[in-house]
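Only the coordinates and a few stated rules stand behind these numbers; no lab work does. Everything numeric in this text was worked out from a predicted model, so none of it was measured. For neighbour counting, all protein chains shown are included, and Cβ atoms are generated from backbone atoms with ideal geometry for every residue, glycine included.
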Ligand SMILES: *Cc1c(COP(=O)(O)O)cnc(C)c1O
């Protein structure tokens, strides 16, 4: 399990090290539950995306960090320092990026339903580009931008009609998706016509996002082909030449051993070859390429630590290990049945011969972190338990269900460690109660 990511290693004494740090010491310093992030890994992934994309698509290519994967002030500082752009999807994310001093002209504002207040807020903050999902939104952005005497840069979210062969819940590029306008139904061309006709937007190009947990270049190559064909069609029909093509996010991450190993850089270069061929075939000017990786930037940079409480064995049925967190800090198993690797960091040398359901402390039978987890038979109250690869969509999806305060976020780096988000207290739970 320690080869899921190179920031994991088992010491000769049988202890799991994360970023070369002993997890027990960190648990003693910060308490559990605890979100840990390997900041160096996040930076490494940002650099990998920037250099691979520049090599594949040219100097002006830019990765945008899809900040919904993990959004807090220090994360935007990292993105600023690494020269990344950002995707934001709400006023909260925009405000947090602003709080970090992130240059909002490099922010792209998504979401399938932006209210007038959202649009006005984004314009006031100087958000660089809107990604419009539908016709109503194009009209609203133009109307509100005009009232500010501004012109809003715009991309249109297009549904290329590709089934990424992943999970239904995260398949967003199909024609019947709640997101975007489909090429197949003619609505994509219609929204483009509209965007070119309203006064206060400047249409720059198109966006698509096909799916999640994609482990090979094929899905992206297919969407490049479909999107470049669409760009050519738009040029023929409307005389508009797009200067930006945003290919979305979705590159995969290994949560468990059975997830495939793939070479991200090589995949991006393959997408680059497909892109150059498609552009040559269609005779269009090569647009600037953007991608929006979220999960693959932060997921394996994260790890959650818990303390084991009740261990319950129901002979002939099932074994349970309960931890002092659960669906409130990691709702992904409850939502999608997501796979995770779970282990006892201080007992890595012991054989894991029994299987357990690892469950949380919420009053909800669906409060499960993972089923069928092999753990040592000695597992007992007070043991440290780690869930690996929790950097994406854990902190950002955390809730206060059962009025459980959110765990802190601690960042580890070569320069030391810092608390990026402090631990919430019981008092924080009624802070807004009147
Ligand atoms: C969620 C999302 C992303 C990021 O997806 P990952 O799977 O985390 O890389 C990028 N773009 C859009 C529009 C999204 O909705």
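Within region 342-364, one or more residues are within 22 Å of the chain's Cα centre (by Cα) and touching a residue at least 40 places away in the same chain (Cβ under 8 Å). For residue 420, are the conditions met, namely being free of Cβ contacts under 8 Å to residues at least 60 places away in the same chain and surrounded by fewer than 21 Cβ atoms within 10 Å (Cβ to Cβ)? Criteria not met by residue 420. With the condition kept exactly as written, say whether any residue in region 220-237 is in a loop (DSSP other than H, G, I, E, B) and either under 20 Å from the mean Cα position of the chain (by Cα) or surrounded by 18 or more Cβ atoms within 10 Å (Cβ to Cβ) (or both). Looking for residues that are in a loop (DSSP other than H, G, I, E, B) and either under 20 Å from the mean Cα position of the chain (by Cα) or surrounded by 18 or more Cβ atoms within 10 Å (Cβ to Cβ) (or both), one finds none in region 220-237, hence no.
Tell me, yes or no, whether region 236-243 has at least one residue that is touching a residue at least 24 places away in the same chain (Cβ under 8 Å) and in contact with a strand residue (DSSP E or B) (Cβ under 6 Å, 6 or more places away or on another chain). Yes, the conditions are met somewhere in region 236-243.
Return the total of residues in region 21-63 being touching a strand residue (DSSP E or B) at 6+ places or on another chain (Cβ under 7 Å) and surrounded by fewer than 19 Cβ atoms within 10 Å (Cβ to Cβ). Of the residues in that region, 5 qualify. Scanning region 265-280 for residues that are under 28 Å from residue 84 (Cα atoms), over 26 Å from the mean Cα position of the chain (by Cα) and touching a residue at least 60 places away in the same chain (Cβ under 8 Å) turns up nothing. Looking across region 290-334, the residues that are within 16 Å of the ligand (Cβ to nearest atom), touching a helix residue (DSSP H, G or I) at 6+ places or on another chain (Cβ under 7 Å) and part of a loop (DSSP other than H, G, I, E, B) come down to 293, 294, 331. Checking the stated criteria, residue 410 turns out to be outside any loop (DSSP other than H, G, I, E, B) and buried (at least 20 other Cβ atoms within 10 Å of the Cβ). Taking the criterion of being assigned to a helix (DSSP H, G or I) and either under 15 Å from residue 292 (Cα atoms) or within 16 Å of the ligand (Cβ to nearest atom) (or both), the residues of region 59-76 that qualify are 67, 68, 69, 75, 76.
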